[in-house]
Amino acid sequence: MRILGIETSCDDTGIAVYDQYQGLLANKIYTQNVLHANYGGVVPELAARDHIQKIIPLIISTLNQSNSTKKEIDGIAYTAGPGLIGALLVGASVAKSLAYSWKVPAIDVHHMEAHLLTPMLENKIVLDVPCVALLVSGGHTLLVLVHDIGGKYEILGKSFDDAAGEVFDKIAVLLGLKYPGGALLSQMAKRGVLGRYVFPRPMTDRPGLNFSFSGLKTSAVHAIISNANDMQTKADIACAFEDAVVDTLVIKCRRALNQTGLKCLIVSGGVSANYILRVRLEKMINALKGKLYFPNLEFCTDNGAMVAYAGFIRLQSGLLNNNLSIIVRPRWSLEYLPLIKKVTI
Ligand code: KG4
Ligand code: ZN
C-alpha cells in the first residue's frame, strides 16, 4: 500500500509518499517562514493563499522523487484538523479532488495523532501501550494517556493559554529573533549564564497535569523590557526562559508517569526538537528505567511524512472517508478520533 500525505494545518506545505514495504519514499516541505517573519507570527489568510500557490507543484515533484505514478497511489491522507481553517481547507480540497479523480480513498488525519505516531514511522515498530505522550508544538501542549495506538487517547493535561512553542516564538520576537524563533532562542540560550534570571515554573506547585505559560511569558517580557539592552543579558534571559519551560514540561511528564504508573513516554511536535528538553527527559526516564521515544529532528516539526503514515495506519484498518463533502475541524480533540481496532504496520 502506498499513501500520498498532505499537511497544510499551519504554515508549512508538507507532502510525502509512504510505502508500506519500502518506507518513506519522498518527503518535501515548503516552509512559509519568510512570508510570516515580518509579522512575528503566522497570518492565517497569507498562509492559506501561499498553500494554494505551492501545493500542486510540490505534489508533482514529490511524486516524481518517489518514482510513483498516480496509479501506484492507494490513498490520499490529509490533515483535517486541528489547525487554521483556511490552510486546512486548501489541503483537504486538493486531497479530496485528487482522490475522486484517481478513484482512491481520502483519509482524514488528526494533526496531533500524526505527530504522536512519528516514532513508529521511523523505527517501524508498534509503540508499547499504554504509554504517556507529551505533544508540544506551536499550537498545542498536551499530555495524553495512550491506551491504544489509533484512537484510544485520553487527555491528561493541556495548556489553558499559550502553547509551549507559541511562548518560545513570542519571547524570541522580543529578543530580536526571527519567527519562528524557538530554535533560534535555544541557540541564543547556549551563550547565557544560568541563574542570573529565574522564571516561575507555572502550576507545578499544585496537583494536576495542566499547563499555563502566560505568566511565565509575562515574567520574561518584563525582564526583557526593563533590562535587555545588551546581547549577554538577552542570552541570560533566553537561558532562564528555556530552563523554566523545559523544567515545567519535565516536571509534568514525571508527574503523569507517576500518576499512571507507566514508564514509557513519547515526546513529539516542534518543541521536541529542543536539545535541553531531550537531555533532561532522557535523564528523567533513565532514572525511572523507562523508555523514551523521540522523533529524529527532521520529523519533530510539521511534515507530510507523519500525515502519510497516520493515513496509512488508518486506511490499513479500514477507516476512510468516502464522503465527498470537504469538512475540516480547526478544533478537534484527540479524544474524538474514530477508533482503530487493530494496528498493522
Ligand atoms: O509541530 P510544529 O512544527 O507546528 C505546530 O503544529 O504548531 O511546531 C512548531 C513550533 C514552533 O513554535 C517552533 O518555534 C517550535 O516548534 N520549535 C522549537 C524548537 N524547534 C522548533 N521550540 C524550542 N526549541 C526548538 N529547538
Ligand atoms: Zn504540528
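The values are calculated or read from the model by the stated rules, or taken from the named source; none is laboratory data. Fair warning: this is a prediction, and the values are worked out from it, not measured in the lab. Here Cβ is always computed from backbone atoms with ideal geometry, including for glycine, and neighbour counts include all displayed protein chains. These area figures cover heavy atoms from the full protein model, side chains too; ligands, DNA and RNA do not enter into them. Shrake-Rupley method; radii C 1.70, N 1.55, O 1.52, S 1.80 Å.
At least 3 residues that are open to solvent by 20 Å² or more (accessible area, probe 1.4 Å) in each: list the helices (runs of 4 or more DSSP H) lying fully within the stretch 247-345 that qualify. It would help to see each step written out before you state the result.
Details: elements: 275-288, 297-300, 304-316.
Ranges flagged: 275-288.
Which of the residues belonging to the stretch 141-171 are closer than 15 Å to Asn274 by Cα, in contact (Cβ under 8 Å) with a residue 60 or more places away in the chain and not aromatic (Phe, Trp, Tyr)? Walk me through it before giving the result.
Going through the stretch 141-171, the residues closer than 15 Å to Asn274 by Cα turn out to be 141, 163-169.
Pick out the ones that are also in contact (Cβ under 8 Å) with a residue 60 or more places away in the chain and you get 141, 164-165, 167-169.
Within the stretch 141-171, Thr141, Ala164, Gly165, Val167, Asp169 meet the criteria.
Quick one: what pairs do we get from the stretch 288-316, first residue hydroxyl-bearing (Ser, Thr, Tyr), second within 13 Å of ligand 1 (Cβ to nearest atom), C-beta under 6 Å, 6+ apart or different chains?
Short answer, once both residue conditions are applied: Thr301/Gly270.
If we keep just the residues of the stretch 1-33 that are outside any strand (DSSP E or B) and more than 19 Å from Gly86 (Cβ to Cβ), which is farthest from ligand 2 (Cβ to nearest atom)? Talk me through it step by step, then tell me what you get.
First, the residues of the stretch 1-33 that are outside any strand (DSSP E or B): 1, 8-11, 20-22, 32-33.
Add one more test, that the residue is more than 19 Å from Gly86 (Cβ to Cβ), and what stays is 1, 20-22.
Values: Met1: 24, Gln20: 24, Tyr21: 27, Gln22: 25 Å.
Filtering the stretch 1-33 for residues that are outside any strand (DSSP E or B) and more than 19 Å from Gly86 (Cβ to Cβ), the one farthest from ligand 2 (Cβ to nearest atom) comes out as Tyr21.
Just the residues that are assigned to a strand (DSSP E or B), over 17 Å from the mean Cα position of the chain (by Cα) and farther than 19 Å from Val126 by Cα, please, taken from the stretch 146-160. Walk me through it before giving the result.
Taking the stretch 146-160 and keeping what is assigned to a strand (DSSP E or B), we get 146-148, 152-159.
Now narrow it down to the ones that are over 17 Å from the mean Cα position of the chain (by Cα): 147-148, 152, 154, 156.
Residue satisfying the conditions is Leu156 alone.
Pairs, please: C-beta under 7 Å, at least 6 apart or cross-chain, first residue more than 15 Å from Lys54 (Cβ to Cβ) and open to solvent by less than 10 Å² (accessible area, probe 1.4 Å) and in the stretch 15-28, second of a type in the set (Gly, Ala, Ser) and in a loop (DSSP other than H, G, I, E, B)?
Sorted first by the residue in the stretch 15-28, then by its partner, the pairs are Val17/Ser66; Val17/Ser68; Ala26/Ser66.
Inside the stretch 42-145, counting only strands (runs of 3 or more DSSP E) that do not spill past its ends, which hold 1 or more residues that are among the acidic types (Asp, Glu)? Give the steps one after another, and end with the answer.
Working: elements: 75-81, 106-110, 131-136.
The strands (runs of 3 or more DSSP E) meeting that bar are 106-110.
Specify the residue that is surrounded by the fewest Cβ atoms within 10 Å (Cβ to Cβ); the eligible residues are those in the stretch 177-215 that are outside any loop (DSSP other than H, G, I, E, B) and touching a Lys or Arg at 6+ places or on another chain (Cβ under 8 Å).
Ranking the qualifying residues of the stretch 177-215, first place goes to Leu184.
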